[in-house]
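*Asks:* Provided herewith is a single structure, encoded as structure tokens, for subsequent inquiry.
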Amino acid sequence: MQTKSYNSPTYWQTFTKTEETSQWVNGLGQQLNQATRWDAVPLPFEPGTLKIGLTANSLWLIGEWGKAGKLAIRTCFDPQGIQGYKHLRATDTLVEYRVQGAIGVFRVVIERPLPHQPLLRYTTSLKPKQPFTVQAFPRDLYLLDTDYDPLTTEGMVYVTQNGPTSGMTYLSITQPAEGSILYFQNFTALNDYCQVTQTEPSNSVKVQWPEAGFALPSSEKPLEAGKEIVLSDAFMYCSESVPQSEFEAADQFLEAMACLYKHLPKPETDYFDWPKIAERTIQALTESSHCGRRIQKQYYLNAYVDATRKPPESMVQLAILVPLWEYQEWLGKPIPLAGQLQKNLPSFYDNQHEVIMRWLPGEAFKDENRNEEQDSNKIDSWYLLHTLMNLGRLAEKGDTEAKELLFRSLEFAIKAAHAFKYDWPVFYDIRTLEIVKAETNEGKGGELDVAGLYTHVMLQAYELTKEPRFLDEAIASADRLRGKGFELLYQTNITVMSSLTLAKLWKITGNRLYFDLSRLSIANVIARMWIWEGNFGFGKTRSTFMGVAPLKDAPYLAAYEEAEIFATMLNYLKEVGRDVPDSIRLLYSEYIKYLLHRGRYYYPSELPAEMVCEQPREGRIIRDLPMPLEDISTGWTQAGEVGQEVYGGALAYILTTYAYKEFADMPVVVFSDYPIYQAEYRLTGKRSGYAVIRLAGTADCQCRVRLLPKNRKLPTVQLFDEDNPGGSALKPVEKTGQYYDYRVQGNQRLRVEWNPGDQV
């Protein structure tokens, strides 16, 4: 194996001819060459043809890759042998086979969802003859030459599943054929398997060249006899082109993922009353002794409920304060908590080091056994810059004290950036800038996406002052993001922020490189999504579909990071506008829709008591306190093992601010679970008027629009398709005295009309 390197360290792997393979590869070419019969599969396949045949223990689907290579797909495997298969039915888009094995009867369905798209799907289920446990099953995808030999092939792997992320891998074949594959295992279809066997699909999709794809998790609990169960539901997007750069790879990946996503089975969404939980959250943040404490007459928020053994953190105060300012604007009245938090910010500034600190100066840690973060002289790179970024956001809103704190800290940040040459370590010493911890893991580099966050801060400083040196700093830092490929992501909310600021930098400079880097950042985030619904174990009463973990190797979803990602994604759609590729418009909009649906499950009151951890690592959990749990994991892990997250309290009012649209004289509020990124409003009379809104997303998927009254009763109101003049009003799918619910397509313009008349 050789590695391809852009900058040190290595960011994706190139595989050459090798004999270092698993037992499933050795002798595979001979087995396939000795197959007694190959039958054509009557479905189109780009870029070649499909055929099916048997070896001793597997039913194989072979895709001819032009004239140079083949893909071998092991659709089912029986270690005791397969007796034969029978063609059951065929349509224009699918073919179904029954396979007689020693352990039971398999059913294999092969589909081409749309004939003109390079997408293939194959689903395998098994009805066991008798109970058995699954042990050491092989993967399902093998890369071959024209003679069925896997050992001569070469290629590159860009990204693959890490922990409980989507069951995908994205790779290219360079010898003897040329082409690229996005492989995706639909884990949602495996819920019954995971429930019965008490397993989960984390790290089940891998690449050990020339073998790739999904291996069924081994189990100690047996499958039941006589009950059919899905063992695999795989999608493959195939292209004859090999990306020539990391940017081409990102674009190809995003296009493939969007194409594939349209055909995935998806959970239904429910409406949740976010304004109501936002009100309760702010009351708790303001009044509850579990959420905050007073130190020298100043009010500080804890990071976690009842977690008072560490000093207050500046990041925590700003994580609540900044979106609270936006919520005040949405609400139309001031919130006293915002003023209290503004007053405590100067106390975090350290005159000796001339920088705002993470931990409140002068306050001690009370834990005897501290972790690596609990050191006032140690800086976590992203913490400082995240704090400066939020000070910049307050400065942009006219907060002069926040602006002063920002610029009094900038010189320290610039000095540190120069010392590290814009490659930020994990920890460094505030006194000497000595690197305390350089890398996240050996050979993986430091906090790679923090260069994007530094770019963000410098661009804020430039926009506030128009001083060219800040723009120069932003450009120098952005350039350090090149060459990271699909390993750019350290922390997901930071990577999404980087994508937004890089798009802004592109508009300021006209340099297309920064827009390319912006899309690469987005591809990194999409590649780490949990695009599956884990309805097994504790997961039966919560949802994880389209979730994003806080770190690339984190085994859980986190409330605060997801709230920040939500807001940043919407701002990205607004900032980039027409230049947003359809793939990003679709995937971002679907993420926002599903967070509005599943965000409720971060609150312990929304979960059965037995599904919430009783002894978290930080503080304690109070079920009726409207603070979200930091963490939701896969189905066999209780929620809240990290703690109940006070700084994640912004979740409720961030979602309220961005998902509910209203105008001063409009008697209705418009809720949309797709972003509204354009809106205009006009009165036509004392009690009549209309609003026109433009939804994000694409026409391939639908979203919910709900019309709600500002007061107790809903006025006479109608919804129209603005691009269909003269058309009749759209019909709600649900209609009550308190709301109208509609299902509409993405990227649609809608007109909301209200008129004087009886209340409904």
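*Asks:* Does Gln748 satisfy the condition of being open to solvent by 70 Å² or more (accessible area, probe 1.4 Å), within 28 Å of Val580 (Cβ to Cβ), in contact (Cβ under 8 Å) with a residue 40 or more places away in the chain and not hydrophobic (A, V, I, L, M, F, W, C)?
*Replies:* Details: open to solvent by 70 Å² or more (accessible area, probe 1.4 Å): no; within 28 Å of Val580 (Cβ to Cβ): yes; in contact (Cβ under 8 Å) with a residue 40 or more places away in the chain: yes; not hydrophobic (A, V, I, L, M, F, W, C): yes.
In short, no.
*Asks:* Among the listed residues Leu324, Leu264, Leu345, identify the single one that is part of a loop (DSSP other than H, G, I, E, B) and open to solvent by less than 50 Å² (accessible area, probe 1.4 Å). Reasoning before the result, please.
*Replies:* Numbers: Leu324 fails: part of a loop (DSSP other than H, G, I, E, B); Leu345 fails: part of a loop (DSSP other than H, G, I, E, B).
That would be Leu264, the only listed residue that is part of a loop (DSSP other than H, G, I, E, B) and open to solvent by less than 50 Å² (accessible area, probe 1.4 Å).
*Asks:* Now a separate question. I need the full set of residues from region 238-258 which are at pLDDT 95 or above, crowded, with 20+ Cβ neighbours inside 10 Å, out of contact with any helix residue (DSSP H, G or I) (no Cβ under 8 Å at 6 or more places or on another chain) and not polar (S, T, N, Q), in order please.
*Replies:* If the condition is that a residue be at pLDDT 95 or above, crowded, with 20+ Cβ neighbours inside 10 Å, out of contact with any helix residue (DSSP H, G or I) (no Cβ under 8 Å at 6 or more places or on another chain) and not polar (S, T, N, Q), then Ala256 is the only one that fits.
*Asks:* A follow-up question, please. Identify all residues within region 603-613 that are assigned to a loop (DSSP other than H, G, I, E, B) and more than 30 Å from Phe671 (Cα to Cα); write none if there are none. So that I can check it myself, show each step before the final result.
*Replies:* Initially, region 603-613 is screened for residues assigned to a loop (DSSP other than H, G, I, E, B), giving 603, 607-608, 613.
If the condition is that a residue be assigned to a loop (DSSP other than H, G, I, E, B) and more than 30 Å from Phe671 (Cα to Cα), then Cys613 is the only one that fits.
*Asks:* Scan region 276-300 residue by residue and report those that are in a helix (DSSP H, G or I) and among the charged types (D, E, K, R). Walk me through it before giving the result.
*Replies:* Of all residues in region 276-300, those in a helix (DSSP H, G or I) come to 276-287.
Within region 276-300, Lys276, Glu279, Arg280, Glu287 meet the criteria.
To keep it simple, each residue is scored yes or no on (1) closer than 28 Å to Leu182 by Cβ; (2) not aliphatic (A, V, I, L, M).
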{"position": "Ile62", "(1), (2)": "yes, no"}
{"position": "Lys70", "(1), (2)": "yes, yes"}
{"position": "Arg74", "(1), (2)": "yes, yes"}
{"position": "Tyr85", "(1), (2)": "yes, yes"}
{"position": "Tyr97", "(1), (2)": "yes, yes"}
{"position": "Val105", "(1), (2)": "no, no"}
{"position": "Gln117", "(1), (2)": "yes, yes"}
{"position": "Gln130", "(1), (2)": "no, yes"}
{"position": "Val134", "(1), (2)": "yes, no"}
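*Asks:* Which condition does Tyr677 not pass, out of (1) open to solvent by less than 30 Å² (accessible area, probe 1.4 Å); (2) assigned to a strand (DSSP E or B); (3) within 20 Å of Leu595 (Cα to Cα), if it passes all the others?
*Replies:* So Tyr677 meets the others, but not (1).
*Asks:* Can you pull out the residues in region 492-513 that are under 26 Å from Pro550 (Cβ atoms) and touching an Asp or Glu at 6+ places or on another chain (Cβ under 9 Å)? Before you say what the answer is, go through the steps one by one.
*Replies:* Filtering region 492-513 down to residues under 26 Å from Pro550 (Cβ atoms) leaves 492-505.
Across region 492-513, the qualifying residues are Thr492, Asn493, Ile494, Thr495, Val496, Met497, Ser498, Leu500, Leu502, Ala503, Lys504.
*Asks:* So in region 733-745, with the set limited to residues that are within 35 Å of the chain's Cα centre (by Cα) and farther than 16 Å from Thr269 by Cβ, which one is least open to solvent (accessible area, probe 1.4 Å)?
*Replies:* Applying the filter and picking the extreme gives Tyr740.
*Asks:* If you take the residues in region 282-315 that are free of Cβ contacts under 8 Å to residues at least 24 places away in the same chain and among the charged types (D, E, K, R), which one is surrounded by the most Cβ atoms within 10 Å (Cβ to Cβ)?
*Replies:* Arg293
*Asks:* Identify all residues within region 102-126 that are open to solvent by 10 Å² or more (accessible area, probe 1.4 Å), in a loop (DSSP other than H, G, I, E, B) and either touching a Leu at 6+ places or on another chain (Cβ under 7 Å) or among the basic types (Lys, Arg) (or both); write none if there are none.
*Replies:* Restricting attention to region 102-126, the residues satisfying the condition of being open to solvent by 10 Å² or more (accessible area, probe 1.4 Å) are 102-103, 105, 107, 109, 111, 113-118, 121, 123.
Checking the rest, the ones that are also in a loop (DSSP other than H, G, I, E, B) come to 102-103, 113-118.
Pro113, the sole residue that qualifies.
*Asks:* Sticking with this one: Identify the residue in region 175-219 that is modelled with pLDDT of 95 or more, among the acidic types (Asp, Glu) and not in a strand (DSSP E or B) and, among all such residues, is surrounded by the most Cβ atoms within 10 Å (Cβ to Cβ).
*Replies:* Glu200
*Asks:* Can you tell which of Gly155, Gly163 is assigned to a strand (DSSP E or B) and not hydrophobic (A, V, I, L, M, F, W, C)? Before you say what the answer is, go through the steps one by one.
*Replies:* Values: Gly163 fails: assigned to a strand (DSSP E or B).
Exactly one of Gly155, Gly163 is assigned to a strand (DSSP E or B) and not hydrophobic (A, V, I, L, M, F, W, C), namely Gly155.
*Asks:* Another question, then. When the residues of region 551-580 are filtered to those that are farther than 14 Å from Leu596 by Cα and of a type in the set (Val, Ile, Thr), which remaining residue is nearest to the chain's Cα centre (by Cα)?
*Replies:* Thr568
*Asks:* List every residue pair whose Cβ atoms sit under 6 Å apart, with the two residues 6 or more apart in sequence or on different chains, where the first one lies in region 641-669 and is of a type in the set (Phe, Trp, Tyr) and the second, anywhere, is in a strand (DSSP E or B).
*Replies:* Close Cβ pairs (under 6 Å, with a partner that is in a strand (DSSP E or B)) amount to Tyr660/Val669; Tyr660/Phe671; Phe663/Tyr681.
*Asks:* Go through (1) outside any helix (DSSP H, G or I); (2) under 20 Å from the mean Cα position of the chain (by Cα) for Arg600 and report which single condition fails.
*Replies:* Unmet for Arg600, out of (1) outside any helix (DSSP H, G or I); (2) under 20 Å from the mean Cα position of the chain (by Cα): (1).
*Asks:* Open to solvent by less than 20 Å² (accessible area, probe 1.4 Å) and under 30 Å from Leu625 (Cα atoms): which single residue out of Tyr594, Tyr588 fits that description? Give the steps one after another, and end with the answer.
*Replies:* Working: Tyr588 fails: under 30 Å from Leu625 (Cα atoms).
On inspection, the qualifying residue turns out to be Tyr594.
*Asks:* Just one of the numbered conditions (1) assigned to a helix (DSSP H, G or I); (2) in contact (Cβ under 8 Å) with a residue 12 or more places away in the chain; (3) more than 25 Å from Gly446 (Cβ to Cβ); (4) open to solvent by 10 Å² or more (accessible area, probe 1.4 Å) is not true of Val576; which one?
*Replies:* Looking at each condition in turn, Val576 falls short on (4).
*Asks:* For region 127-148, indicate whether the set of residues that are touching a Phe, Trp or Tyr at 6+ places or on another chain (Cβ under 7 Å), at pLDDT below 95 and open to solvent by less than 20 Å² (accessible area, probe 1.4 Å) is non-empty.
*Replies:* Checked against the condition, which is being touching a Phe, Trp or Tyr at 6+ places or on another chain (Cβ under 7 Å), at pLDDT below 95 and open to solvent by less than 20 Å² (accessible area, probe 1.4 Å), region 127-148 yields no hits at all.
*Asks:* Name, by its number, the condition in (1) more than 30 Å from Leu651 (Cβ to Cβ); (2) open to solvent by 10 Å² or more (accessible area, probe 1.4 Å); (3) not in a helix (DSSP H, G or I) that does not hold for Gly483.
*Replies:* Only one criterion in (1) more than 30 Å from Leu651 (Cβ to Cβ); (2) open to solvent by 10 Å² or more (accessible area, probe 1.4 Å); (3) not in a helix (DSSP H, G or I) is unmet by Gly483, namely (2).
*Asks:* Take the residues in region 691-725 that are closer than 14 Å to Tyr739 by Cβ and hydrophobic (A, V, I, L, M, F, W, C); name whichever of them is surrounded by the most Cβ atoms within 10 Å (Cβ to Cβ).
*Replies:* Val705
*Asks:* Just one of Pro616, Pro626 is over 15 Å from Tyr271 (Cα atoms), touching a helix residue (DSSP H, G or I) at 6+ places or on another chain (Cβ under 6 Å) and part of a loop (DSSP other than H, G, I, E, B); which is it?
*Replies:* Details: Pro616 fails: touching a helix residue (DSSP H, G or I) at 6+ places or on another chain (Cβ under 6 Å).
So the residue among Pro616, Pro626 that is over 15 Å from Tyr271 (Cα atoms), touching a helix residue (DSSP H, G or I) at 6+ places or on another chain (Cβ under 6 Å) and part of a loop (DSSP other than H, G, I, E, B) is Pro626.
*Asks:* Quick one: which of Lys507, Lys540 is over 26 Å from Gly648 (Cα atoms), assigned to a helix (DSSP H, G or I) and more than 15 Å from the chain's Cα centre (by Cα)?
*Replies:* Lys507
*Asks:* Can you name the number of the only condition in (1) open to solvent by 50 Å² or more (accessible area, probe 1.4 Å); (2) under 21 Å from Ile320 (Cα atoms) that Arg408 fails?
*Replies:* Arg408 satisfies all of (1) open to solvent by 50 Å² or more (accessible area, probe 1.4 Å); (2) under 21 Å from Ile320 (Cα atoms) except (2).
*Asks:* Next up: Please determine whether any residue of region 512-519 is buried (at least 24 other Cβ atoms within 10 Å of the Cβ), within 21 Å of Tyr383 (Cα to Cα) and not basic (Lys, Arg).
*Replies:* Checking region 512-519: not a single residue is buried (at least 24 other Cβ atoms within 10 Å of the Cβ), within 21 Å of Tyr383 (Cα to Cα) and not basic (Lys, Arg).
The values are calculated or read from the model by the stated rules, or taken from the named source; none is laboratory data. None of these values were measured; they are calculated from a predicted model. Here the Cβ is made from the backbone with ideal geometry for all residues, glycine too, and neighbour counts use every protein chain on show. What goes into the accessible areas is simple: the full protein's heavy atoms, side chains included, and nothing from ligands, DNA or RNA. Shrake-Rupley method; radii C 1.70, N 1.55, O 1.52, S 1.80 Å.
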